[in-house]
Amino acid sequence: MSAVMAMNPVAERRPLLKVNKLTKHYGDHIGCEDVSFTVYPGEVIGIVGESGSGKSTLLNVLSAQMPPTSGAVEYDLSAKGLRDIFTLSEPERRKLMRTDWGVVHQNPRDGLRMNVSAGGNVGERLMAIGARHYGELRREGLDWMAKVELDTSRIDDKPKTFSGGMQQRLQIARNLVTRPRLVFMDEPTGGLDVSVQARLLDLLRGLVRELGIAAIIVTHDLAVVRLLADRLMVMRRGHVVEAGLTDQVLDDPHHPYTQLLVSSVLQV
Amino acid sequence: MTTMISVSGLTKDFVLHTQGGTVIPVFADLSLEVAEGECVCLHGPSGSGKSTLLRSLYANYKPGSGHIRVAHRGEWVDLTQAEPWQVVEVRRHSVGYVSQFLRVIPRVPALEVVAEPAKLVGMPADEAEARARTLLTRLNIPERLWSIAPATFSGGEQQRVNIARGFVRDYPILLLDEPTASLDAANRQVVVDLILEAKARGVAIVGIFHDAEVREAVADRLFEVTAFQKSAA
Amino acid sequence: MSAVQEARWDEAYNFAYLDEQTKRMIRRSILKAIAVPGYQVPFGGREMPLAYGWGTGGIQVTASVIGPDDTLKVIDQGADDTTNAVSIRRFFSRVAGVETTEATEEADIIQTRHRIPEAPLREGQVLVYQVPQPEPLRSLEPRETETRKMHGYAEYGLMHVRLYEDIARYGHIATTYSYPVMVNGRYLMSPSPIPKFDNPKMQGNPAIQLFGAGREKRIYAIPPYTSVKSLDFDDHPFEPQTWDESCALCGADNSYLDEVVLDDHGGKMFVCSDTHFCEDRRAKGHRGELGADPAALAFARTADEGEAQ
């Protein structure tokens, strides 16, 4: 190392998702407004805020489930580079959503086929991209059930016979089976017992790191983002009021609302 | 001697919005340079801003103005200007931080907690785990505890796991926040040895050491944070 | 038919029951369906003088393509003599004055419910299927908006989920009728509730195959010599049904067999579901193991009497 080093930023990385001035209005009501940020491969972004702060609206627009009023969401389509997802044709967008993306819903009933067996749920995305070997689908199903710590002997049981925590883990397996590069999660631990939450969080943390998946996680639970998120965005009334590294935002909050949020957490 | 950390014009205030916007000034226009193989001890009474400075060097706290340049893979990175992902890179490769308390992650066993930073920079799992075992042995953590998540460990055991995690790979820069606070004499000596070995490898170290014995054993110089205090405007 | 000849059908009705505008509209839908093999074309289905589920879709298709010189055959579950087949045949005798037949070879149009005749079809013939549920994805995806997109974008993975579920539950693909097919390598199609035994007959068939769903108001088609592939897995390939038995009456070992209970003592036999095929073989001297049995022949005669009325 030479004594005089060049003042040079670390080499630029290629962004995975680039959000520019994203705004969603419902008539006169603001869903979210003027939100800009960039997600790099393998990065986990947490979006926190109280109910009605616009975090779920933002997630729905980001994951192309709802068109924005204005602004752009660009995603790196490996071969074609960054493309605005709302200029993609519908089949291109749908293909993206079942291969390169995953969406984990707060209510597993929204993300699972309740009348299809666990193995069928896990295999669906693989079959959608052309897997036609039953034995291999079966192996993937068993493999992923083990990865999300589900009893593999229940591969042929329907999710309606599973507990909430098991359903949520099955939903995660169903999404991750195609090795997506970006996963959207809406309150993934909402509605679960605290003990079940911890297990799910730990599992998610391990999977996201092991597979190098980028994730955008919406939650109102600061413990969730402390454990999972590299970066944090704090939303209030449709606006991002503070953003940064998770530990920066939680340990040295600057915005009054973030300070209130952090100081409101009960210490156990 | 090669400079590894270069702080200039650093100012940090806390504004407490939940308490009527009270401004608590910590330090202003602070400058500090740390060279390769040097151990600087942050000094001053409690509340003088030692921890705030140390956390700022890790980009955990966001200073109001000034620059914190650290050497990262042959280049300077200014932590006050860096993009979050750059900070993550710097923390992963160049700057290690041993906090006062271990942040326990449910279900992750002690050995894995220690080996993780090495694995994150691409060290093969068996090598990382071998280093973790060596460190846990040196720090007198009984082997029967290695496969257990440290949540149930005593304060001293948790701190030693934390230290092992900080030393498992050779960060060029190491930040230590009272690493020996709750250790007995024997373990204190192990930590002193670890620090001296790191210095010998050329690691630039900034630390807070309340224990005078440890301080004298490892510190090349004291840095008085109080010298940069200013009263509230 | 010469212009001076008196109409042979009941003149209280327009030829073939439907008015000319409706037939034209349905023909346009049929042409579109033939142009896009396997694609479900919506059409303005009319009320017919019988209930939904009795073949209203097939009847409208037949009515739209039939001419006064055509010969019509109607089968229900392979048989020419069941109520549904007989009444549809009589309907067209009355409203279109057409000749009817039981001989597959002699028919120009064959309207069918649940079977494809055993005798090979030829160029120029039209096979009209009655379809209760045209959408093969419906049981898995209840939203029409979604299934339309799935067809539009050829997103058919979900169909394999159903086959996967079969194998997971039964060890093999247990779907035995309405077995889904890919038509012309593009559209997923339900072949109507024919047994999967008949699926291979659709492949490269010289006849025109038309499908009419009256309640759902959809028409789809397979033009002659079109590729029709039954879905399967690499390690669980499609297999039509097979029987250890052969037909008790005619001895055929390559036709689709129905199980018939003969008495109260567990007596039973397997006979061809295609009655014309079976009779034809017997007329040519083929005999099964019960070919001379009075009880079995009584069963066969009932079938003949059905035709005599």
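Restricting the search to the range B:194-219, which residues are in contact with a helix residue (DSSP H, G or I) (Cβ under 8 Å, 6 or more places away or on another chain) and open to solvent by 40 Å² or more (accessible area, probe 1.4 Å)?
B:Leu196, B:Asp211, B:Glu213, B:Ala217
If C:Ile59 satisfies all but one of (1) crowded, with 19+ Cβ neighbours inside 10 Å; (2) under 17 Å from the mean Cα position of the chain (by Cα); (3) outside any helix (DSSP H, G or I); (4) of a type outside the set (D, E, K, R), what's the number of the condition it fails?
Unmet condition: (3).
Just for the range B:66-93: of the residues that are facing chain A (nearest Cβ under 10 Å) and part of a loop (DSSP other than H, G, I, E, B), which one is surrounded by the most Cβ atoms within 10 Å (Cβ to Cβ)?
If we take residues in the range B:66-93 being facing chain A (nearest Cβ under 10 Å) and part of a loop (DSSP other than H, G, I, E, B), then B:Ala82 is surrounded by the most Cβ atoms within 10 Å (Cβ to Cβ).
Of the residues B:Asp177, B:Asp193, which is within 14 Å of another protein chain (Cβ to nearest Cβ) and of a type in the set (Asp, Glu)?
Just a single option satisfies the conditions, and that option is B:Asp177.
Is there a residue being over 21 Å from A:Val19 (Cβ atoms), of a type in the set (Lys, Arg) and away from chain C (no Cβ under 14 Å) anywhere in the range A:74-96?
no
So B:Leu102 clears everything in (1) buried (at least 16 other Cβ atoms within 10 Å of the Cβ); (2) under 16 Å from A:Leu227 (Cβ atoms); (3) within 13 Å of chain A (Cβ to nearest Cβ) except one condition, right? Which one?
(3)
Looking at the range B:143-154, I want the residues that are closer than 14 Å to B:Pro106 by Cα and have a partner that is open to solvent by 70 Å² or more (accessible area, probe 1.4 Å) with Cβ atoms under 9 Å, at least 6 apart or on another chain. Which pairs are those?
Close Cβ pairs (under 9 Å, with a partner that is open to solvent by 70 Å² or more (accessible area, probe 1.4 Å)) amount to B:Ala149/B:Arg107; B:Ala151/B:Arg107.
Cβ-Cβ below 7 Å, separation at least six or inter-chain, first residue in the range B:121-138 and closer than 29 Å to B:Ala186 by Cα, second open to solvent by 50 Å² or more (accessible area, probe 1.4 Å): which pairs?
From the range B:121-138, the pairs are B:Ala128/B:Lys119.
Residues that are touching a strand residue (DSSP E or B) at 6+ places or on another chain (Cβ under 9 Å) and open to solvent by 30 Å² or more (accessible area, probe 1.4 Å), at least 3 per element: which strands (runs of 3 or more DSSP E) completely within the range A:43-110 meet that?
Numbers: elements: A:44-48, A:70-77, A:81-84, A:101-104.
Once the strands (runs of 3 or more DSSP E) in the range A:43-110 are filtered for at least 3 residues that are touching a strand residue (DSSP E or B) at 6+ places or on another chain (Cβ under 9 Å) and open to solvent by 30 Å² or more (accessible area, probe 1.4 Å), what remains is A:70-77, A:81-84.
Checking the conditions here, which among A:Asn115, A:Asn121 is polar (S, T, N, Q) and touching a Leu at 6+ places or on another chain (Cβ under 7 Å)? It would help to see each step written out before you state the result.
On the way: A:Asn115 fails: touching a Leu at 6+ places or on another chain (Cβ under 7 Å).
So the residue among A:Asn115, A:Asn121 that is polar (S, T, N, Q) and touching a Leu at 6+ places or on another chain (Cβ under 7 Å) is A:Asn121.
Of all residues in the range A:113-151, which are more than 8 Å from every other protein chain (Cβ to nearest Cβ), in contact (Cβ under 8 Å) with a residue 40 or more places away in the chain, open to solvent by 10 Å² or more (accessible area, probe 1.4 Å) and not in a helix (DSSP H, G or I)?
Scanning the range A:113-151 gives A:Met114, A:Asn115, A:Glu149.
Listed here are the residues, each with its yes/no results for (1) buried (at least 19 other Cβ atoms within 10 Å of the Cβ); (2) modelled with pLDDT under 95.
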position: C:Ile116; (1), (2): yes, no
position: C:Gly124; (1), (2): no, no
position: C:Val128; (1), (2): yes, no
position: C:Pro134; (1), (2): yes, no
position: C:Pro142; (1), (2): no, yes
position: C:Glu146; (1), (2): no, yes
position: C:His151; (1), (2): yes, no
position: C:Tyr177; (1), (2): no, yes
position: C:Val183; (1), (2): yes, no
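How many residues does the range B:2-34 hold that are at the interface with chain A (Cβ under 10 Å from one of its Cβ atoms), within 22 Å of the chain's Cα centre (by Cα) and of a type outside the set (Val, Ile, Thr)?
Here is the first cut: in the range B:2-34, the residues at the interface with chain A (Cβ under 10 Å from one of its Cβ atoms) are B:2-4, B:6, B:12, B:14-19, B:21.
Next cut, within 22 Å of the chain's Cα centre (by Cα) only: B:2-4, B:6, B:12, B:14.
Applying the additional criterion that residues be of a type outside the set (Val, Ile, Thr) yields B:4, B:6, B:12, B:14.
Going through the range B:2-34 one residue at a time, the tally reaches 4.
Among the residues of the range A:152-207, count how many are on the phi < 0 side of the Ramachandran plot, buried (at least 17 other Cβ atoms within 10 Å of the Cβ) and charged (D, E, K, R).
9
Residues checked against (1) in contact with a Pro (Cβ under 9 Å, 6 or more places away or on another chain); (2) more than 18 Å from C:Tyr39 (Cβ to Cβ):
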{"residue": "C:Ala174", "(1), (2)": "no, yes"}
{"residue": "C:Val181", "(1), (2)": "yes, no"}
{"residue": "C:Pro193", "(1), (2)": "yes, yes"}
{"residue": "C:Pro200", "(1), (2)": "yes, yes"}
{"residue": "C:Val228", "(1), (2)": "yes, no"}
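Taking the criterion of being within 18 Å of B:Glu197 (Cβ to Cβ), touching a Gly at 6+ places or on another chain (Cβ under 6 Å) and outside any helix (DSSP H, G or I), would at least one residue in the range B:156-167 satisfy it?
The answer is no; no qualifying residue exists.
Could you say whether any residue in the range B:171-178 is crowded, with 20+ Cβ neighbours inside 10 Å and part of a helix (DSSP H, G or I)?
Our first condition is that a residue be crowded, with 20+ Cβ neighbours inside 10 Å; within the range B:171-178, this holds for B:171-178.
Okay, now just the ones that are also part of a helix (DSSP H, G or I), so none.
No; the residues of the range B:171-178 include none that is crowded, with 20+ Cβ neighbours inside 10 Å and part of a helix (DSSP H, G or I).
Is at least one residue of the range A:193-212 closer than 26 Å to B:Leu79 by Cα and not in a helix (DSSP H, G or I)?
yes
Hey, could you check the range A:248-268 for residues that are over 13 Å from A:Gly49 (Cβ atoms) and either touching a strand residue (DSSP E or B) at 6+ places or on another chain (Cβ under 6 Å) or open to solvent by 30 Å² or more (accessible area, probe 1.4 Å) (or both) and say which is nearest to the other protein chains (Cβ to nearest Cβ)?
Applying the filter and picking the extreme gives A:Pro256.
Report, ordered by the first and then the second residue, all pairs with beta carbons closer than 8 Å, sequence separation of six or more or different chains, a first member in the range C:119-141 that is acidic (Asp, Glu), and a second member that is in a loop (DSSP other than H, G, I, E, B).
Listed pairs, sorted by first residue: C:Glu123/C:Pro206; C:Glu123/C:Ala207; C:Glu123/C:Pro224; C:Glu135/C:Gln40; C:Glu135/C:Ser190; C:Glu135/C:Glu216.
Taking the residues in the range B:45-57 that are away from every other protein chain (no Cβ under 12 Å), open to solvent by 20 Å² or more (accessible area, probe 1.4 Å) and among the small types (Gly, Ala, Ser) as candidates, determine which candidate is nearest to B:Val15 (Cα to Cα).
Taking the candidates together, the pick is B:Gly47.
Would you call A:Ile217 more than 24 Å from B:Arg91 (Cα to Cα) and either open to solvent by less than 10 Å² (accessible area, probe 1.4 Å) or in contact with a helix residue (DSSP H, G or I) (Cβ under 7 Å, 6 or more places away or on another chain) (or both)?
Details: more than 24 Å from B:Arg91 (Cα to Cα): no; either open to solvent by less than 10 Å² (accessible area, probe 1.4 Å) or in contact with a helix residue (DSSP H, G or I) (Cβ under 7 Å, 6 or more places away or on another chain) (or both): yes.
When the stated conditions are applied, A:Ile217 does not pass them.
If you scan the range C:3-56, which residues turn out to be of a type in the set (S, T, N, Q) and in a helix (DSSP H, G or I)? Break it down into steps so the answer makes sense when it comes.
Residues of the range C:3-56 of a type in the set (S, T, N, Q): C:5, C:14, C:21-22, C:29, C:40, C:56.
C:Gln21, C:Thr22, C:Ser29, C:Thr56, listed by residue number.
Pick out the one residue from C:Leu210, C:Leu262, C:Leu290 that is open to solvent by 50 Å² or more (accessible area, probe 1.4 Å) and among the aliphatic types (A, V, I, L, M). Steps first, answer last, please.
On the way: C:Leu210 fails: open to solvent by 50 Å² or more (accessible area, probe 1.4 Å); C:Leu290 fails: open to solvent by 50 Å² or more (accessible area, probe 1.4 Å).
One residue alone meets the criteria, C:Leu262.
The values are calculated or read from the model by the stated rules, or taken from the named source; none is laboratory data. Values in this document were obtained by computation on a predicted structure and should not be read as measured data. Please note: Cβ atoms are built from the backbone with ideal geometry, for glycine as well, and neighbour counts cover all protein chains shown. For accessibility, only protein heavy atoms count, side chains too; no ligands or nucleic acids. Shrake-Rupley method; radii C 1.70, N 1.55, O 1.52, S 1.80 Å.
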